[in-house]
Amino acid sequence: MSEAVSVRPTWSEITEPIYQATMQPELVPLTDLKAPEAYKRLSDLDDKAAFRAMLRQSLTRSLQEAELSRPNREELTGQLDALLRQLESDGLVMLGGVVSEIQFREFVARYEKMMAVKGNNTFIHNFVDVRSEARILLDETVNESFCHPLLIAIVAYAVGGPVRMVDVRAKDAEPISVLAQDNMLHIDNTPFNDEYKILLTWEKGTTRGPNGQNFTYLPGTHRLARQCEVDDRRGVWSSENCSIFTTADSLEKLLQAQSDLLEIDEPAVIEVAGFPLPVSTVFPAGSLAHHRFRTATGQSRSCVIAAFHRVADNPGSLRDPGEPTTSTLSSLLAHESTRQQQEFISALARDVDRISELLSRICEGETAKLHEHGLETMSATRLDVWRASVLDAPPVRDIRAARVSSFPLPNASGPELCRALVERLMFDKHGPIDLILYADNHEEVRKWARNSLRETSEEGVAAVVACYSDEMSGLSARDVLQASALSDSMSEISGYLDGPHRSGEELVALQPTAHDVGLLTATASLRQLAIDLAEAILRVDSRDSFRSTSAFAMLTSDAIRRLVGPSNRVDTLSVEIFRHYACLALAD
């Protein structure tokens, strides 16, 4: 790279797009939805009811046929019914200590080793895509706290059919106050799919329950639904910004909707903290307003988050469908899941011993039902702290400004400029971005690419920037693309994935989980992300979202370049997009 480096452009020299109005969330009663037929939770109601009856009957029969005394059989069956009723009434089931302390200690040891070796260690959290860790994901001697057959049965009962994992991730969250998409008050980005999650939380490095960076939710909101958009060009759709509550107006409307539904005068907000046991929570992530309450105080929190969809709503496979599978429930969930209800129910019934053991632990008090152990709404004082965190926590741009080094002087070396760009990109990929959500959920495939690029480690980001080091010279405001031009470039580059491409080694070297999902899935994921970024760049609502969406466009185009291989046009497009983003990133 040339050592002669020009002064970088400033925002005053850059022609910024005309920023659009920010999409706002709106929770409404189910009867007020503009297109109720688009919402999976409202479809196939008779089939779902029949599945729930079949599932309950099978589990009850299996418990009665188990080698248990009759009073114990009846007690366990009653406990199962109580959990299912709790799910229907409260929208979530929360258990403390699903496994013994000895078993959980073994899990924590494996978890800590995984995070030390594979964690990305960004400013906001330490992250691992657990689909790459078969030793934790598929080993039923250690995964029970987030994949226990009783928890899976509860999820399947909730959605009304066989389920599969669509995502599973691990995160360590240190104390920090920040308003980032990862921990904003939100409903998950699945307005049309019925998504449930199993969330396992504990105090980092211990076998105790969480005591900082706590799961917090608004009870009752799961009975509402996000309003959708309907227009001639896009049909029924929504966007990710319609899932987050970060303004005073959107928060007040959310609290008012809760008040009207529950007929209460004061907001009901529950923070799950202070329990001595690790907490496993089953909840409707696509409809319950919740978040990780990040603060600069409290202890660090570890978690595993597993997301599930009904197979009929979202067929597919979490891991490479070509790899060998077994008959275990964990393997069934992680690979191409069956649509056959009886086969799925039979897999659960085969685990009746494990189900009865956990039900016994609940009956005997070894496993706690947290709803019976002091879950209380926030006090007025704590509510004020929470409200301030939701609305006034520092955005990513403020933390970026405080932590990145000053821009190198005009005579800085090429490596110094590259380091400056890497430093900024580590923040920009966590900034605001608003991708479209489709009524038929065909954007779901982009999840792997979206998460993998966002969670790229600093080492990986440096490798990307190094590939374009020769392009760091001579940057000017002329390199900044108009939003329409960037949209056209992303649409064009996505088309190159339809043709022949490499075997994937270069992409896997940068994004190892591409191997775990399989090359076909990785290719489809990158294609959909590029297409949706082309749409999103036309709706950016601020300088921050312009820069962060451009950061994602650059990372996506680079990943496509690695997959497609030598191509003059792809190389040209990826260089143009890189120079565009570099100008925006280095402008401040």
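The values are calculated or read from the model by the stated rules, or taken from the named source; none is laboratory data. None of these values were measured; they are calculated from a predicted model. Heads up, the Cβs are rebuilt from the backbone with ideal geometry, glycines too, and the neighbour counts pull from every protein chain shown. Only protein heavy atoms, including side chains, enter the accessible area calculation; ligands, DNA and RNA are left aside. Shrake-Rupley method; radii C 1.70, N 1.55, O 1.52, S 1.80 Å.
Helix-only arithmetic for the chain: the sum of -39500 (n - 2.57) across DSSP H runs with n ≥ 4, divided by the residue total, places the mean residue ellipticity at 222 nm at -14000 deg cm²/dmol. Mind pulling the angle between the C-alpha long axis of helix 380-392 and the longest principal axis of the chain? Nearest 10 degrees, somewhere in 0 to 90. Roughly 30 degrees, rounded to the nearest 10.
Averaged over residues, the count of other Cβ atoms within 10 Å places the peptides 42-48, 119-125 in the sequence 119-125, 42-48, highest first. Accessible area per residue for the chain, computed on protein heavy atoms with a 1.4 Å probe, is 38 Å². Against the chain, whose longest principal axis comes from its Cα atoms, helix 248-262 is set at around 10 degrees. Give the angle, between 0 and 90 degrees and rounded to the nearest 10, that separates the Cα long axis of helix 543-564 from the longest principal axis of the Cα atoms of the chain. For helix 543-564, the angle is close to 90 degrees. May I ask you to derive the relative contact order of the chain, considering only C-alpha pairs under 8 Å and at least 6 residues apart, and to give it as an integer percent? Value for the chain: 23 percent.
An ellipsoid equivalent to the chain, defined through the eigenvalues of its Cα gyration tensor, has semi-axes of 41, 26, 24 Å when rounded to whole angstrom and sorted largest first.
Among 223-230, 178-185, sorting by the average number of other beta carbon atoms lying within 10 angstrom of each residue, highest first, gives 178-185, 223-230. The fraction of accessible area contributed by carbon and sulfur in the chain is 49 percent, rounded to a whole number (1.4 Å probe; ligands and nucleic acids excluded). Its alpha carbons considered, region 182-279 gives a radius of gyration followed by a Dmax of 16.3, 54 Å. Averaged over residues, the count of other Cβ atoms within 10 Å places the peptides 93-105, 199-211 in the sequence 199-211, 93-105, highest first.
Averaging over all projection directions, the Cα-based convex hull of region 395-587 occupies 10.6 nm² in the image plane. Only the Cβ atoms of Lys and Arg (+1) and of Asp and Glu (-1) were treated as charged; on that basis the dipole of region 168-300 about its Cα centre amounts to roughly 520 debye.
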